Amino acid sequence: MPPDPEELLRQAEALAENSSATQADLRRAISAAYYAVFHFCSTAAADMILGAGARSSPKYTLVYRSIDHSRFRALPKQLNGSPIAPANGFGKIGDFAGLAANLNEERSLADYDPSKTYGAATVKIIISGARQAIDWFRSCTQEQQEACLMLLLFKPR
């Protein structure tokens with residue numbers, strides 16, 4: 001079963017809301033918030049290709065594991081001039097892509113930049129951004145969602 005994005009967001013919130021949270025806790029909260037969005041998209045992509053009924057199959061795992069973190073960083077640029085843009089545009093997918101790219105960057109800083117420090121208020125904003133990204137994705141049409149997921153799965157050439 002894929003990781004539950006809501007569980008990851010609740011974990012992130014619990015870490016950030018702890019009055020004695022350490023830098024390790026706050027960094028972990030940022031990572032959990034990013035991974036909530038990452039696993040949300042991985043599940044949506046694999047469900048789109050194979051259907052939720054295939055979640056225990058090796059094929060599902062193959063599709064699920066096909067989204068690379070670098071695709072999140074590149075997504076805002078991929079939307080511009082995309083050959084698979086929906087007729088009515090990407091709508092809130094553009095906002096989703098921007099937040100997803102920012103979350104990826106914050107997760108990278110939290111995981112790898114030892115000079116970076118975080119306050120609880122900042123981390124709560126990052127977590128809120130992860131929730132907002134998922135909400136924006138869900139608010140889009142199926143065509144917009146599918147185009148976004150295709151760009152995450154496949155590199156246009």
Of the candidates T61, T43, the one satisfying the condition of being closer than 18 Å to F137 by Cβ and of a type in the set (V, I, T) is T43
Scanning for something touching a Lys or Arg at 6+ places or on another chain (Cβ under 8 Å), without any contact (Cβ under 8 Å) to a residue 24 or more places away in the chain, on the phi < 0 side of the Ramachandran plot and assigned to a helix (DSSP H, G or I), does the range 50-58 turn up at least one residue? yes
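Do we find that A100 is part of a helix (DSSP H, G or I), closer than 16 Å to A130 by Cβ and not charged (D, E, K, R) in this structure? Break it down into steps so the answer makes sense when it comes.
On the way: part of a helix (DSSP H, G or I): yes; closer than 16 Å to A130 by Cβ: yes; not charged (D, E, K, R): yes.
Yes.
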When the range 85-119 is checked residue by residue, the ones that are touching a residue at least 40 places away in the same chain (Cβ under 8 Å), buried (at least 16 other Cβ atoms within 10 Å of the Cβ) and over 16 Å from Q145 (Cβ atoms) are L103, N104, E106, R107, A110, Y118
Just name the residue that is surrounded by the fewest Cβ atoms within 10 Å (Cβ to Cβ) out of those in the range 15-32 that are part of a helix (DSSP H, G or I) and in contact with an Asp or Glu (Cβ under 8 Å, 6 or more places away or on another chain). S31
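Computed from the coordinates by the stated procedures, all read-outs in this text should not be read as laboratory data. As the structure is a prediction and not an experimental result, all values here were calculated from the model. Every residue, glycine as well, gets a Cβ built from its backbone with ideal geometry; the counts of neighbours run over all protein chains shown.
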